[in-house]
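So the structure is just underneath, and the comments pick up after that.
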Amino acid sequence: MDRMKSLLENYYGAPSDEHTESSSDLDSRNFNMSKYVSRSLTTTHFPQLLQEDDKLVQEVRNLDADMQLLVYDNYSKFIDATDIIRTMKNKVDDIEADVKVVTSKLENIDGVATALNQRMGPKREKIEKLMRLQSLLRKLNFLFELPLRLKQCIEMDALAQAVSYYSKASPILQRHGEVPSFYLIAQESHQIMLELQRKLKVDCSLPNLSYASYNEKIELYVELSKNLNEFVEDGIRESFLSWNESYLNAEVESLVSSKSSLLAFVTDICAGALELLADTCELYCKLFTHEDDNNLSEFAKPALLFILNSIRTRLIDSDLMDNNSPGHYEPLLEALKFLISNLKGHRLGAYVKPLNLSDRTAEICEVAMRKQVVNAFDSLRLAVMECVIQAGSQENIDPKDLAIEIQECIGKTMAELDVLLDAASELLADMSAIFENLIKFQLRFWVLWFCNVLECFVDPYSVYRKGGVPHLVTLVSNNERNSILVDCTPDVFCTSSSFFFVLVGICEEMRLYVRKSQMSGAPELMNELDVTKDAILVSYVKFQASLLCKKILSFEEQEQLGVRPEILDIVETLSTISRQVTKHFPGIVQTPQPNTNRYQRHGASANVHHDIERIFHEKVLHIMEPVELTPVSVVTGVLRIVLKTLVEHIRGLTLRKTDFHQYEIDVYYLRSTIPLLLGEKNSVQPLLNLVASAVRDAAVDTEPLAPEIIERYSNSARQASRLSFLKN
């Protein structure tokens with residue numbers, strides 16, 4: 001009992017300890033009726049006892065009803081099972097009777113079949129013997145009619161059928177050659193096939209044969225030669241390869257000259273030329289090849305390379321940038337996808353070893369991708385060049401707006417290339433790093449080109465212009481920018497003073513863009529943009545100085561002494577330049593203006609001759625120094641060129657006394673006004689001393705003008721000036 005109880009508990013689940021120990025649970029096996037009744041009488045009110053009694057009575061009735069249903073249900077199932085067993089027993093009895101009948105019939109059939117075999121056996125053997133005899137007669141008839149059949153096939157141009165007939169009959173004729181009739185048939189057939197062999201050789205040299213026709217004739221010729229026990233000539237092999245090579249080249253050239261789409265071209269050349277080449281190689285192996293034959297490899301490799309180079313050329317020459325639609329790279333991607341899938345595991349690989357078709361395909365894809373990247377950046381160059389040219393023809397252009405427009409062009413190009421190279425990387429996962437480096441290189445190359453463009457805009461004789469004459473320092477320099485030439489016409493040249501500052505601002509904005517975008521080689525590119533900015537500033541200084549130098553070279557004699565109008569224009573122009581720099585670059589810290597009375601240091605007590613003599617004891621700086629983006633540096637650069645030009649101009653003159661006095665006034669005016677623009681500590685004072693020395697050397701009479709007279713003329717010019725800071 002204990003074991004049975006344990007098994008039941010394991011199957012239905014062991015009751016919990018709390019439920020087992022409870023003696024008041026009616027459903028528990030440990031229920032104690034006496035304790036339950038006693039506790040209910042002592043703890044429960046009478047109405048509740050009545051309700052509990054009614055509840056128990058109802059539950060007992062329900063349990064009785066359920067038990068009756070279960071009994072009825074089990075009884076019904078028992079009756080059904082009894083009926084089924086009775087039916088099965090009756091059917092089994094019927095089946096046994098049927099089996100006995102079938103067994104009896106099969107025994108009768110076996111007896112009849114045995115009797116028929118015994119009766120018909122001799123006749124069947126006779127029939128089989130007659131059939132063998134009929135087959136032999138048919139073969140003999142075929143052999144006797146063989147020469148006639150061969151002639152008829154040749155007349156009907158069914159040459160393949162004639163060779164097939166001879167191939168079947170030749171072994172039998174050779175095996176029974178001692179029979180006279182067979183010998184005669186063999187000789188006649190042999191002569192017929194020799195004539196056919198000569199005819200096939202002549203037909204192979206006919207022009208305008210189709211690929212199928214030529215190869216069929218060659219195949220028949222070789223097969224016939226083997227049946228005739230003749231050696232296949234080497235000339236036939238060479239002729240076969242030469243003809244197929246010419247045919248393949250013609251097919252490829254025809255496809256190349258077609259105007260089909262990129263995908264259609266790749267599909268046609270793969271399904272046409274490549275399959276023809278593979279068929280040719282297979283046919284050659286079937287007809288000629290043996291282990292020491294290198295003719296096939298020497299034929300297949302150049303032919304395959306010619307086909308692949310044609311595909312490569314077409315992919316490179318396809319300019320997809322003419323189509324500005326978002327998916328203009330789709331034709332190229334589809335063509336590359338088809339090419340990769342078609343060449344992967346191609347049967348040609350077995351004939352062109354050690355060439356690797358996968359490597360060749362990857363090379364074609366890389367070159368095609370590289371070309372499209374180059375085309376994309378070429379289009380970007382055209383777009384940016386157009387933006388800069390249009391900006392040069394406008395007034396009040398903001399460098400930030402122009403920089404934003406250029407950066408949008410770059411962003412658009414990069415987005416299109418990202419889509420292209422992502423798709424290409426999916427086709428060739430191993431080359432994703434190469435494609436990524438390709439864009440980085442081209443972007444870096446483009447930034448260097450952009451630097452050259454800006455320099456070409458400010459210098460019509462720039463070494464970066466195509467067709468320009470390189471400087472000697474350029475010829476010996478290894479700077480990468482020297483190899484990047486800009487294709488722009490000579491009329492593309494900045495003639496607006498404000499546009500110089502726009503180009504400088506573009507350099508600043510592009511420098512920030514390079515730093516933020518973290519381009520490859522960003523420090524180097526930022527340095528090149530700084531160099532370009534400096535070059536633009538130098539060109540601006542030269543441009544402004546050339547305008548002022550024209551005024552110096554056009555000095556005219558004045559009837560009365562006084563500061564020349566040209567000198568006044570020079571000072572006003574320098575002031576204008578200072579204001580323009582401040583306007584375009586307001587963040588630049590200005591050099592503090594000197595005291596308004598600083599010019600009084602050159603008053604009556606100043607000794608002009610002492611200043612002239614002092615230049616022999618001072619070091620004169622170079623004319624062209626690095627120009628910084630500050631008003632003082634720009635104005636200083638312009639003024640240094642102007643003063644040096646003035647020195648050279650004076651050295652070629654012979655000055656009279658009045659001319660000497662005029663230059664004294666001009667030099668004094670410059671000495672008194674320049675510190676107001678540049679500060680007292682400036683680098684042009686040595687050049688002013690050099691001007692004074694040149695004036696003294698060129699003068700015939702060096703008797704100086706009275707200092708108070710010079711001061712009076714200078715004060716008069718300052719008061720008449722339009723510049724407010726000179727009047728204070």
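The values are calculated or read from the model by the stated rules, or taken from the named source; none is laboratory data. Bear in mind the structure is a predicted one, so any value in this text is a computation, not a measurement. Glycine gets a Cβ as well: all are built from the backbone with ideal geometry, and neighbour counts include every protein chain shown.
If I go through segment 404-437 residue by residue, how many of them are over 14 Å from the mean Cα position of the chain (by Cα) and farther than 17 Å from VAL384 by Cα?
Counting residues in segment 404-437 that are over 14 Å from the mean Cα position of the chain (by Cα) and farther than 17 Å from VAL384 by Cα gives 0.
Regarding segment 123-130, can at least one residue be identified that is assigned to a helix (DSSP H, G or I), over 30 Å from ILE172 (Cα atoms) and more than 60 Å from the chain's Cα centre (by Cα)?
For segment 123-130, residues assigned to a helix (DSSP H, G or I), over 30 Å from ILE172 (Cα atoms) and more than 60 Å from the chain's Cα centre (by Cα): present.
Return the only residue of ASN437, ASN478 being modelled with pLDDT under 80, polar (S, T, N, Q) and exposed (fewer than 13 other Cβ atoms within 10 Å of the Cβ).
Going through ASN437, ASN478 in turn, the sole match is ASN478.
Six or more apart or on different chains, Cβ atoms under 9 Å: show the pairs whose first residue is in segment 689-702 and in a strand (DSSP E or B) and whose second is buried (at least 19 other Cβ atoms within 10 Å of the Cβ).
If the second residue must be buried (at least 19 other Cβ atoms within 10 Å of the Cβ), the pairs left are ALA699/LEU655; ALA699/ASP659; ALA699/PHE660; ALA699/TYR663.
Regarding LEU200, is this residue surrounded by 14 or more Cβ atoms within 10 Å (Cβ to Cβ), outside any loop (DSSP other than H, G, I, E, B) and within 59 Å of the chain's Cα centre (by Cα)?
yes
Can you tell me which residue within segment 170-201, out of those that are without any contact (Cβ under 8 Å) to a residue 24 or more places away in the chain and hydrophobic (A, V, I, L, M, F, W, C), is nearest to GLU223 (Cα to Cα)?
In this case the residue turns out to be ALA186.
Of the residues GLY235, GLY177, which single one is over 28 Å from CYS285 (Cα atoms) and assigned by TED's automatic domain parsing to the domain that holds LEU287?
Working: GLY235 fails: over 28 Å from CYS285 (Cα atoms).
Exactly one of GLY235, GLY177 is over 28 Å from CYS285 (Cα atoms) and assigned by TED's automatic domain parsing to the domain that holds LEU287, namely GLY177.
Answer yes or no as to whether LEU130 is at pLDDT below 80, out of contact with any Pro (no Cβ under 6 Å at 6 or more places or on another chain) and closer than 30 Å to SER189 by Cβ.
yes
Taking SER167 as the residue in question, decide whether it is without any contact (Cβ under 8 Å) to a residue 60 or more places away in the chain and either on the phi < 0 side of the Ramachandran plot or in the same structural domain as CYS281 (by TED's automatic domain parsing) (or both).
When the stated conditions are applied, SER167 does not pass them.
Give the residue that is farthest from TYR540 (Cα to Cα), with candidates limited to residues of segment 457-475 that are modelled with pLDDT of 80 or more and not in a loop (DSSP other than H, G, I, E, B).
Checked segment 457-475; the qualifying residue farthest from TYR540 (Cα to Cα) is ARG465.
Need the failing condition index for ALA692 against (1) among the aliphatic types (A, V, I, L, M); (2) surrounded by 14 or more Cβ atoms within 10 Å (Cβ to Cβ); (3) modelled with pLDDT under 85, just the number.
ALA692 satisfies all of (1) among the aliphatic types (A, V, I, L, M); (2) surrounded by 14 or more Cβ atoms within 10 Å (Cβ to Cβ); (3) modelled with pLDDT under 85 except (3).
Does segment 655-670 contain any residue that is surrounded by fewer than 23 Cβ atoms within 10 Å (Cβ to Cβ), of a type outside the set (Asp, Glu), at pLDDT below 85 and not in a helix (DSSP H, G or I)?
No, the conditions are met nowhere in segment 655-670.
Only one of these conditions is not met by ILE406: (1) without any contact (Cβ under 8 Å) to a residue 60 or more places away in the chain; (2) part of a helix (DSSP H, G or I). Which number is it?
The single condition ILE406 does not satisfy is (1).
What residue, among those in segment 514-571 that are polar (S, T, N, Q) and modelled with pLDDT of 85 or more, is nearest to ILE406 (Cα to Cα)? Write out each step before concluding.
If we filter segment 514-571 for residues that are polar (S, T, N, Q), which is where we start, we get 517-518, 520, 527, 532, 539, 544, 546, 554, 558, 560.
Narrowing further to those that are modelled with pLDDT of 85 or more: 527, 532, 539, 544, 546.
Working: ASN527: 20, THR532: 17, SER539: 23, GLN544: 28, SER546: 31 Å.
In this case the residue turns out to be THR532.
Among the residues of segment 340-375, write down those that are surrounded by 19 or more Cβ atoms within 10 Å (Cβ to Cβ) and under 18 Å from SER432 (Cβ atoms).
THR361, ILE364, CYS365, ALA368, MET369, GLN372, VAL373
Go through (1) within 24 Å of ALA706 (Cα to Cα); (2) at pLDDT below 65; (3) part of a loop (DSSP other than H, G, I, E, B); (4) not polar (S, T, N, Q) one by one and return the number of the condition PRO592 breaks.
Failed condition: (1).
Somewhere in segment 696-703, is a residue surrounded by fewer than 18 Cβ atoms within 10 Å (Cβ to Cβ), in contact with a strand residue (DSSP E or B) (Cβ under 7 Å, 6 or more places away or on another chain) and not basic (Lys, Arg)?
yes
Can you name the condition, by its number, that ALA391 falls short on among (1) surrounded by fewer than 16 Cβ atoms within 10 Å (Cβ to Cβ); (2) farther than 28 Å from GLU436 by Cβ; (3) of a type outside the set (D, E, K, R); (4) in the same structural domain as CYS488 (by TED's automatic domain parsing)?
(1)
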